[in-house]
1. Among the numbered criteria (1) assigned to a strand (DSSP E or B); (2) surrounded by 11 or more Cβ atoms within 10 Å (Cβ to Cβ), which single criterion is violated by Gln96?
2. List, please: which pairs have Cβ atoms under 7 Å, are six or more places apart or on different chains, and start with a residue in region 54-70 that is touching a residue at least 40 places away in the same chain (Cβ under 8 Å) and end with one that is of a type in the set (Phe, Trp, Tyr) and assigned to a strand (DSSP E or B)?
3. Out of Ala43, Ala35, Ala111, I need the residue that is under 20 Å from Val151 (Cβ atoms), at pLDDT below 95 and surrounded by 11 or more Cβ atoms within 10 Å (Cβ to Cβ). Which one?
4. With small (Gly, Ala, Ser), at negative phi and not assigned by TED's automatic domain parsing to the domain that holds Ser42 as the only criterion, which of Ala77, Ala159 stands out?
5. Listed residues Thr86, Thr80; which is within 22 Å of Val49 (Cα to Cα) and not hydrophobic (A, V, I, L, M, F, W, C)?
6. Can you find even one residue in region 49-68 that is at pLDDT below 60, exposed (fewer than 10 other Cβ atoms within 10 Å of the Cβ) and not acidic (Asp, Glu)?
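The values are calculated or read from the model by the stated rules, or taken from the named source; none is laboratory data. Note that the structure is a prediction, hence the values are computed from the model and not measured. Counting neighbours? That spans all protein chains shown, and the Cβs are built from the backbone with ideal geometry, glycine included.
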Amino acid sequence: MRGEGSAVSAIDDARSTVRLMLVLVSLTVAYPAAATEAAVTSAWVRPTVPGQPVGAAYFTITSEQNVTLTQVRSDAAGTTQMHNTTQIDGVMRMRQLDRVALPAGKSIQFAPGGMHLMLHELKKRLQLGDTVLLDFILVDDAGGQTVVQAVAPIKATPAQ
C-alpha cells in the first residue's frame, strides 16, 4: 500500500508541475514585451496613370526608442521597396534600402528626391482621393517586432 501512495503523490506532483507550466506560458502570451511607441505622419501616395505598374509613397516616421524599419507592406501593392535617391557627379542614382535605422526621438522623412517607398505590382490604379493602407514593420534592439499602421491619401502633392 505504501508504494501506491508514493505513486499517487508523484502523479499529483507531475500534475502540479504541468499546471504551473501552463500558467507561465499563458502569462507569457497574455503579457508580451512592451510595444515600440512610433508614429507615422504626413503620409501620402502619388496617383498613377492607367497601366502604370509602380507607385511611390512618402511619409515621416518617428520612434520613441531606437528601432529599425525593416519592411513596409501595403494593401495596394504586391511588394514594396524602400529606396534612397542621391545625386553623384550630377547624376541621380536610386538604390534599394534593406532597412532604415530610426534613432530614438528623431524624425526620418521619406520625401520626393530622397528616401521613398516604391509600390510594385500595383493591384489597381492609384487615383486621387483614394487611400492606401501602409503597415510599417519595426524591430527593436531585442528583436521585438511592432507593426504601425497608417492610412495615406492619394494626392498629387504633399500640400493637397
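1. (2)
2. Close Cβ pairs (under 7 Å, with a partner that is of a type in the set (Phe, Trp, Tyr) and assigned to a strand (DSSP E or B)) amount to Tyr58/Trp44; Tyr58/Phe110; Phe59/Phe110; Ile61/Phe136; Leu69/Phe136.
3. Numbers: Ala43 fails: at pLDDT below 95; Ala111 fails: at pLDDT below 95.
None of the others qualify; the one that does is Ala35.
4. Ala159
5. On the way: Thr86 fails: within 22 Å of Val49 (Cα to Cα).
That would be Thr80, the only listed residue that is within 22 Å of Val49 (Cα to Cα) and not hydrophobic (A, V, I, L, M, F, W, C).
6. Start the filter on region 49-68 by keeping residues that are at pLDDT below 60, which leaves none.
No; the residues of region 49-68 include none that is at pLDDT below 60, exposed (fewer than 10 other Cβ atoms within 10 Å of the Cβ) and not acidic (Asp, Glu).
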